[in-house]
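So the structure is just underneath, and the comments pick up after that.
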Amino acid sequence: MDIKDMRAFYAIVEEGNISHAAGRLAVAQPALSRQMKRLESALGVKLFERGSRRIRLTEAGRVLKERVEQILGLVDGTVREIQDVGEGTAGEVRIGTITSSGANLVPGLLAAFHKTHPRVTFQIFEAEGARVLDMLDNRLIEIAVTRTEVERESYESIVLANEPLAAMMNRTASCGAAEDFVRLAELAEQSIIIPLRWQGIFLTACRKAGFEPRILCLSDSIVQDVLAAKAGLGAAILPQSAKSLLTDEAMVCKRIVEPEILTHTVIAWKRDRPLSAAAASFLSLLRERLL
């Protein structure tokens, strides 16, 4: 018995007679009758009680009807699921991200994407930049969110606009006369909490400004950096977009100026590897919202 036999049998059961079922299936009535006789012969049982105008099922026919309902439901559901995956309305998006970009960028994108693709699920991996690219190379993820420059020969990428670094400080221990910015020189006496990623460019800028910064803590966890600053340990040097994590009025965020220190986020995927439909749809949303 194949799917075609099942659909023919079920159409007869639903329509109640072979004539109506033949019209529904767009086949000749004699051909449909012969198909059912071949099915009965193959199974070695009678499926229909003949002799009345309306088809009646035998006990074997009733058992087959229950099973065919289940099988056709599974087949049709599988076809729809595969089509949804192919169209990007179902499936899974696997993203690797560094902390400094993931905490600020990814949640909002996921929320927006979920509204239009509610059947798509996500796997989110967080690591430092080199590890994120390793995961991309090894097919653990399809999309990488990093602040590391990527090779054009190996990756396609979207580079988002530059954003300045800022100092996140407890209001009672903040420095700088202005409310929304701080001059780099005004951080000379401040203890500094900074991710390893920006230690080099921060040190270079401070030395050019004529002082050696007091780096108290190197930490790649944005949440830990902000909490340490809230506890009064010093100024957390983070991208200005991290301001969205400040929910406590005790904290202030001041953009660093004179000079301004810039960073940017890179969205990357493998150049020689096709994306799943769900991942491609996610990138389309990202372009729409961020470019």
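The values are calculated or read from the model by the stated rules, or taken from the named source; none is laboratory data. The structure presented is a predicted model; accordingly, all values stated were derived computationally and were not measured. Virtual Cβ from ideal backbone geometry, glycine too; neighbours counted across all protein chains shown. Accessible surface is based on the protein model in full, side chains and every heavy atom, while ligands, DNA and RNA are left aside. Shrake-Rupley method; radii C 1.70, N 1.55, O 1.52, S 1.80 Å.
Before moving on, here are some points about what is shown:
- For segment 113-171, the tally of residues that are in a loop (DSSP other than H, G, I, E, B), without any contact (Cβ under 8 Å) to a residue 60 or more places away in the chain and surrounded by 18 or more Cβ atoms within 10 Å (Cβ to Cβ) stands at 2.
- Candidate set: segment 258-291, residues that are open to solvent by 20 Å² or more (accessible area, probe 1.4 Å) and closer than 30 Å to CYS175 by Cα; chosen: the one nearest to the chain's Cα centre (by Cα): HIS264
- Helices (runs of 4 or more DSSP H) (entirely within segment 1-82) containing at least 3 residues that are over 48 Å from the mean Cα position of the chain (by Cα): 29-43
- For segment 239-271, the candidate set comprises residues that are among the polar types (S, T, N, Q) and in contact with an Asp or Glu (Cβ under 7 Å, 6 or more places away or on another chain); within that set, the residue that is modelled with the lowest pLDDT is SER241.
To keep it simple, each residue is scored yes or no on (1) at pLDDT below 90; (2) farther than 30 Å from ARG289 by Cα; (3) of a type in the set (Gly, Ala, Ser).
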{"position": "PRO30", "(1), (2), (3)": "no, yes, no"}
{"position": "GLY51", "(1), (2), (3)": "yes, yes, yes"}
{"position": "GLN70", "(1), (2), (3)": "yes, yes, no"}
{"position": "ASP76", "(1), (2), (3)": "yes, yes, no"}
{"position": "ILE98", "(1), (2), (3)": "yes, no, no"}
{"position": "LEU105", "(1), (2), (3)": "yes, no, no"}
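- Any hit, segment 179-193, residues being closer than 17 Å to ALA229 by Cα, touching a strand residue (DSSP E or B) at 6+ places or on another chain (Cβ under 7 Å) and basic (Lys, Arg): no
- Test: residue in segment 214-233 that is in contact with a Leu (Cβ under 8 Å, 6 or more places away or on another chain), open to solvent by 60 Å² or more (accessible area, probe 1.4 Å) and in a loop (DSSP other than H, G, I, E, B): yes
- Residue in segment 187-204 that is farther than 17 Å from CYS217 by Cα, surrounded by 15 or more Cβ atoms within 10 Å (Cβ to Cβ) and aromatic (Phe, Trp, Tyr) present: no
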